[in-house]
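For reference, the structure discussed in these notes is given below.
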Amino acid sequence: MSLDAEKRYAADAAAELIESGTRVGLGTGTTVACLLESIARRGVIARYVATSPETADAARSLGLVVEAFDALDELDLAIDGADQIAPDGWLIKGRGGAHLREKIVAASAKRFVVIGDSSKPVTSLHAPVPLELHAFGLQSTLRELGDVTLRAVGLSPDGGVLADYHGDIGVPQELAERLSSIPGVSAHGLFAPEMVSEFIVATGKTLSRRTLGGQL
Ligand code: 5RP
């Protein structure tokens with residue numbers, strides 16, 4: 001089975017979790033694109049917030065009702081992909097540059113479900129770690145960060161500069177704390193296991209479902 005087929009398989013399983021009338025956060029990326037199609041096929045009527053303009057446009061084109069985040073406030077469920085999933089549940093997200101909004105949406109959801117294909121689980125996290133940086137004082141922030149490259153893309157929807165950290169990850173918690181402590185870093189792509197309620201990973205036609213923290 002191709003990775004695309006695995007994404008669709010995991011996405012179908014996640015779409016089943018959406019109940020009518022609930023408030024749902026939608027991540028960003030190719031796995032989430034499959035999720036949007038699964039939701040549209042299922043025909044469940046819920047209220048959605050999107051983590052990127054790309055997801056908002058794609059969702060609306062499939063007939064999903066996407067609202068402003070502030071109109072929904074707390075979310076019942078958020079579903080998103082990931083770049084890497086470590087055995088202890090740490091994630092790297094943000095290859096699509098949406099990790100700031102993805103983190104805000106995931107943190108506001110009672111239940112955060114991460115979906116992926118068989119390429120996403122890794123034995124240990126490795127660089128790059130996506131970053132979103134404040135434009136103000138960028139050179140100073142880059143100096144403090146060390147091994148970082150800027151992406152050759154425009155600013156994020158929130159005016160942030162997208163970049164990638166290429167240094168050692170070591171202990172993810174320690175790196176997450178260091179990155180968070182640098183004032184010029186708006187968001188980093190390390191997501192702690194405590195944020196995640198459930199992982200749904202497809203390997204061929206086998207779905208592995210794993211719960212860690214969160215409220216299930
Ligand atoms: C975007 C993300 C995505 O969830 C992550 O990059 C995975 O993308 P894909 O589903 O395309 O493999 O964090 O900012």
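The values are calculated or read from the model by the stated rules, or taken from the named source; none is laboratory data. Since this is a predicted model, take the numbers as computed values, not measurements. Note that we place each Cβ from the backbone using ideal geometry, even for glycine, and neighbour counts take in every protein chain shown.
Below is a table of values for the structure above.
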quantity	calculated
Counted residues, the range 113-152 - those being in a loop (DSSP other than H, G, I, E, B) and over 14 Å from Gly94 (Cα atoms)	13
Top-ranked residue of the range 101-117 - restricted to ones that are of a type in the set (Gly, Ala, Ser) and in contact with a Leu (Cβ under 7 Å, 6 or more places away or on another chain), ranked as farthest from Ile18 (Cα to Cα)	Ser108
Residue check, Ala152 out of contact with any Lys or Arg (no Cβ under 7 Å at 6 or more places or on another chain) and either at negative phi or within 12 Å of the ligand (Cβ to nearest atom) (or both)	yes
Residue in the range 66-76 that is over 19 Å from Ala176 (Cα atoms) and of a type in the set (Phe, Trp, Tyr) present	yes
Entirely in the range 1-62, the helices (runs of 4 or more DSSP H) that have 2 or more residues that are β-branched (Val, Ile, Thr) and either on the phi > 0 side of the Ramachandran plot or buried (at least 20 other Cβ atoms within 10 Å of the Cβ) (or both)	30-42
Flag if Leu179 is within 15 Å of His99 (Cβ to Cβ), crowded, with 17+ Cβ neighbours inside 10 Å, in contact (Cβ under 8 Å) with a residue 24 or more places away in the chain and touching a His at 6+ places or on another chain (Cβ under 7 Å)	yes
Strands (runs of 3 or more DSSP E) enclosed by the range 154-203 - at least 3 residues per element that are closer than 21 Å to Leu75 by Cβ and in the same structural domain as Ala82 (by TED's automatic domain parsing)	198-203
Single match in Val129, Val113 (criterion: among the hydrophobic types (A, V, I, L, M, F, W, C), in contact with a helix residue (DSSP H, G or I) (Cβ under 9 Å, 6 or more places away or on another chain) and either farther than 24 Å from Gly170 by Cα or away from the ligand (no atom under 16 Å from the Cβ) (or both))	Val113
Criterion (surrounded by 14 or more Cβ atoms within 10 Å (Cβ to Cβ) and out of contact with any helix residue (DSSP H, G or I) (no Cβ under 6 Å at 6 or more places or on another chain)) met by exactly one of Leu190, Leu212, Leu142	Leu142
Filter result for Asp76 (acidic (Asp, Glu) and more than 26 Å from Val171 (Cβ to Cβ))	yes
Selection status of Gly81, more than 11 Å from the ligand (Cβ to nearest atom), buried (at least 24 other Cβ atoms within 10 Å of the Cβ) and not aromatic (Phe, Trp, Tyr)	no
Glu67 vs. criteria under 20 Å from Ser108 (Cα atoms), away from the ligand (no atom under 12 Å from the Cβ) and in contact (Cβ under 8 Å) with a residue 12 or more places away in the chain	yes
